[in-house]
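Undergrad: Please read through the structure below; I'll follow up with questions.
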Amino acid sequence: MLNTATQMLTIRRVPTVVSNYQEDVSEDPQFQSDSGTLGCGRNCLSKCCLPVSKLPLYAFKKDEDNAIYKHNGSSPGEARPVAEVRPIGLLNNLLLGQWEERMARGLFRYDVTACETKIIPGNYGFIAQLNEGRHLKKRPTEFRVDQVLQPFDENKFNFTKVGQEEVLFRFEQSNDSKSHFFTSSSVNLDSNSPNVVAINVSPIEYGHVLLIPRVLDCLPQRIDHESFLLALHMAKETSEPFFRIGYNSLGAFATINHLHFQAYYLSVSFPVEKAPTQRIMIGKELSDSGVKVSQLLNYPVRGLVFEGGTNLRNLSNAVANACICLQKKNIPFNVLIADCGKRIFLFPQCYAGKQALGEVSEELMETQVNPAVWEISGHMVLKRRKDYDDASVENAWRLLAEVSLSEERFQEVKTLVLEAAELQEAGPEEKSMNEEESLQKPRAPYVASQLSQDCLVLQ
Ligand SMILES: [Zn+2]
């Protein structure tokens with residue numbers, strides 16, 4: 001059952017499917033559409049069907065400072081927006097209304113509202129959910145866990161293969177300073193590669209959705225500045241602190257190598273949101289951007305907390321730079337976007353690597369819990385009745401402690417990550433002025449060699 005270090009390391013069980021099309025990847029929807037008909041006939045999210053489709057469109061208000069999005073909003077000839085400005089709750093109502101409609105149509109694999117959930121007594125209030133329906137028994141997908149960056153593979157399941165009935169709406173930047181909602185908008189009028197919000201057919205909470213940036217660009221699962229900012233915009237636009245957005249890198253329990261974020265509503269605080277933090281000394285450039293970085297204290301998974309920022313983009317860039325750094329160093333990680341995009345938790349992790357090397361206890365392995373962003377944040381999704389009945393702070397802590405980097409390794413990674421965030425903010429002149437800081441920069445080859453200590457899985 002356990003892989004050895006000499007084999008190609010893969011997760012043998014993919015625990016869930018996020019789309020009803022995931023178990024059916026044999027058909028190839030990428031053929032040309034017949035002239036005179038729209039799309040391939042499957043009403044999919046690929047180039048055949050999506051550009052000639054109409055979907056609801058939520059256009060969030062433009063950044064004040066600048067706009068990196070090329071999206072132009074809807075053209076004047078298009079349907080008039082049903083709603084202008086941003087009434088509190090419009091995006092939530094849209095998302096939940098559409099989500100419930102899909103539930104009524106029976107698109108989900110099970111009824112998440114029937115899953116038992118309880119708060120485990122204790123200061124942090126870990127949340128345990130019994131979710132026996134999530135486990136996927138057939139058709140496991142082989143997936144490497146030892147590479148955070150992997151090229152997009154069009155032959156594997158990806159979101160272009162999803163049917164449009166799983167899509168709730170498009171989420172694009174408006175061309176003015178207001179948010180708009182269009183009940184139906186032609187995709188090809190204003191977008192070459194739309195951002196879509198789709199249901200996760202294996203939900204773990206109410207309103208569980210996927211945000212898929214620029215779906216037609218077929219981006220692999222990796223953070224880039226533009227996509228991360230899009231996720232922050234979504235968190236901000238909901239104005240709902242109970243709506244969190246999560247991200248799992250490859251090697252940290254992402255199961256699909258097509259760029260996506262997950263999100264859902266949970267009407268209590270996540271334990272990690274209650275954990276004490278300590279401000280970390282940060283460099284001049286980063287503090288100029290207004291971004292503040294803290295370290296989690298007294299939490300089983302070591303992590304960083306990003307807050308502040310003179311604008312959303314500064315905060316977004318700091319986190320994205322950190323993620324990009326981790327990606328380059330092949331360090332798997334998870335991200336939780338909380339508090340309407342104002343607080344972002346970053347967890348470098350090493351569970352899958354340990355798992356593949358046979359370093360995780362049999363007891364933990366048997367639970368088949370994959371500690372992705374939700375579990376790390378304290379929402380324990382359990383697959384066995386026994387584990388649910390026995391759920392305790394100690395058990396949650398024991399699992400999550402295995403996910404965390406060691407203190408020594410975390411300090412190394414922290415240095416890397418903070419350097420990455422600072423460097424991006426610094427202008428060329430300032431960089432040369434800060435020689436003392438640059439002398440402290442770890443050299444890449446040295447750092448890479450350290451990975452084998454506890455996280456990199458060697459082949
Ligand atoms: Zn199609």
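Undergrad: Given the options Val457, Val447, Val403, name the one that is surrounded by 20 or more Cβ atoms within 10 Å (Cβ to Cβ), at pLDDT below 90 and within 27 Å of the chain's Cα centre (by Cα).
TA: Working: Val447 fails: surrounded by 20 or more Cβ atoms within 10 Å (Cβ to Cβ); Val403 fails: at pLDDT below 90.
Exactly one of Val457, Val447, Val403 is surrounded by 20 or more Cβ atoms within 10 Å (Cβ to Cβ), at pLDDT below 90 and within 27 Å of the chain's Cα centre (by Cα), namely Val457.
Undergrad: Next question. Return the only residue of Ala352, Ala318, Ala275 being at pLDDT 95 or above, among the small types (Gly, Ala, Ser) and closer than 21 Å to Gly246 by Cα. Quick ask: steps written out before the conclusion?
TA: On the way: Ala352 fails: at pLDDT 95 or above; Ala318 fails: at pLDDT 95 or above.
Sole residue among the options that is at pLDDT 95 or above, among the small types (Gly, Ala, Ser) and closer than 21 Å to Gly246 by Cα: Ala275.
Undergrad: When the residues of region 235-258 are narrowed to those that are over 19 Å from Asn195 (Cβ atoms) and buried (at least 23 other Cβ atoms within 10 Å of the Cβ), which ends up nearest to the chain's Cα centre (by Cα)?
TA: Per the criteria, the residue is Ser249.
Undergrad: In region 91-119, what count of residues is obtained for those that are of a type outside the set (Asp, Glu), part of a helix (DSSP H, G or I) and over 19 Å from Phe242 (Cα atoms)?
TA: Going through region 91-119, the residues of a type outside the set (Asp, Glu) turn out to be 91-99, 102-110, 112-115, 117-119.
Filter once more, so that each one left must be part of a helix (DSSP H, G or I): 91-99, 102-104, 112-114.
Checking the rest, the ones that are also over 19 Å from Phe242 (Cα atoms) come to 102-104, 114.
Residues meeting the conditions: 4.
Undergrad: A follow-up question, please. With the structure loaded, tell me whether Val209 is modelled with pLDDT under 95, closer than 27 Å to Ser177 by Cα and of a type in the set (A, V, I, L, M, F, W, C) or whether it fails that test.
TA: On the way: modelled with pLDDT under 95: no; closer than 27 Å to Ser177 by Cα: yes; of a type in the set (A, V, I, L, M, F, W, C): yes.
For Val209, the condition - modelled with pLDDT under 95, closer than 27 Å to Ser177 by Cα and of a type in the set (A, V, I, L, M, F, W, C) - is not met.
Undergrad: Yes or no: region 168-184 includes at least one residue that is at pLDDT 90 or above, closer than 30 Å to Gln368 by Cα and surrounded by 17 or more Cβ atoms within 10 Å (Cβ to Cβ).
TA: No, the conditions are met nowhere in region 168-184.
Undergrad: Which residues, taken from region 146-183, are farther than 30 Å from Gln327 by Cα, among the basic types (Lys, Arg) and outside any loop (DSSP other than H, G, I, E, B)?
TA: Matches in region 146-183: none.
Undergrad: On to the next question. Can you find a residue in region 349-370 that is in contact with a Phe, Trp or Tyr (Cβ under 7 Å, 6 or more places away or on another chain), at positive phi and not aliphatic (A, V, I, L, M)?
TA: no
This table checks each residue for (1) away from the ligand (no atom under 16 Å from the Cβ); (2) at positive phi; (3) buried (at least 17 other Cβ atoms within 10 Å of the Cβ); (4) at pLDDT 80 or above.
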site	(1), (2), (3), (4)
Met8	yes, no, no, no
Asn20	no, no, yes, yes
Asp24	no, no, no, no
Pro87	yes, no, no, no
Ala114	yes, no, no, yes
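Undergrad: Out of the residues in region 358-398 that are of a type in the set (A, V, I, L, M) and closer than 17 Å to Leu297 by Cα, state the one that is nearest to the chain's Cα centre (by Cα).
TA: Selected residue: Ile376.
Undergrad: Within region 219-236, work out how many residues are part of a helix (DSSP H, G or I) and under 17 Å from Gln150 (Cβ atoms). Don't jump to the end; show me each part of the working.
TA: Kept after step one, since they are part of a helix (DSSP H, G or I), are these residues of region 219-236: 225-236.
The next check asks that each one be under 17 Å from Gln150 (Cβ atoms); those that pass are 227.
Final tally of qualifying residues: 1.
Undergrad: If you don't mind, another one. Which of the helices (runs of 4 or more DSSP H) contained wholly in region 347-429 include at least 1 residues that are touching a residue at least 60 places away in the same chain (Cβ under 8 Å), in contact with a strand residue (DSSP E or B) (Cβ under 6 Å, 6 or more places away or on another chain) and more than 30 Å from Gly309 (Cα to Cα)?
TA: Working: elements: 351-356, 362-367, 373-377, 385-389, 393-403, 407-425.
Passing ranges, in order: 385-389, 393-403.
Undergrad: Now for a separate question. If a residue must be over 14 Å from the mean Cα position of the chain (by Cα) and either surrounded by fewer than 22 Cβ atoms within 10 Å (Cβ to Cβ) or under 19 Å from Pro56 (Cβ atoms) (or both), how many such residues does region 200-221 contain? Let's see the steps before the verdict.
TA: Start the filter on region 200-221 by keeping residues that are over 14 Å from the mean Cα position of the chain (by Cα), which leaves 201-207, 214-218.
This time we only want the ones that are either surrounded by fewer than 22 Cβ atoms within 10 Å (Cβ to Cβ) or under 19 Å from Pro56 (Cβ atoms) (or both), so: 201, 204, 206-207, 214-218.
Final tally of qualifying residues: 9.
Undergrad: Could you tell me whether region 259-271 includes any residue that is more than 16 Å from the chain's Cα centre (by Cα) and polar (S, T, N, Q)?
TA: Yes.
Undergrad: Could you check region 350-380 and list, in sequence order, the residues that are in contact with a Cys (Cβ under 9 Å, 6 or more places away or on another chain) and buried (at least 21 other Cβ atoms within 10 Å of the Cβ)?
TA: First, pick out the residues of region 350-380 that are in contact with a Cys (Cβ under 9 Å, 6 or more places away or on another chain): 350, 353-354.
If the condition is that a residue be in contact with a Cys (Cβ under 9 Å, 6 or more places away or on another chain) and buried (at least 21 other Cβ atoms within 10 Å of the Cβ), then Cys350, Gly353 are the ones that fit.
Undergrad: Here is a follow-up. Within region 35-60, can you find the residues that are within 6 Å of the ligand (Cβ to nearest atom) and at pLDDT 90 or above?
TA: Just the residues of region 35-60 that are within 6 Å of the ligand (Cβ to nearest atom), to begin with: 39-40, 42, 44, 46, 48-49.
Once the filter is applied, which keeps residues that are within 6 Å of the ligand (Cβ to nearest atom) and at pLDDT 90 or above, region 35-60 yields Cys44, Ser46, Cys48, Cys49.
The values are calculated or read from the model by the stated rules, or taken from the named source; none is laboratory data. These numbers were taken from a predicted model, which means no experiment stands behind them. In this analysis, Cβ positions are derived from the backbone assuming ideal geometry, glycine residues included, and neighbour counts consider all displayed protein chains.
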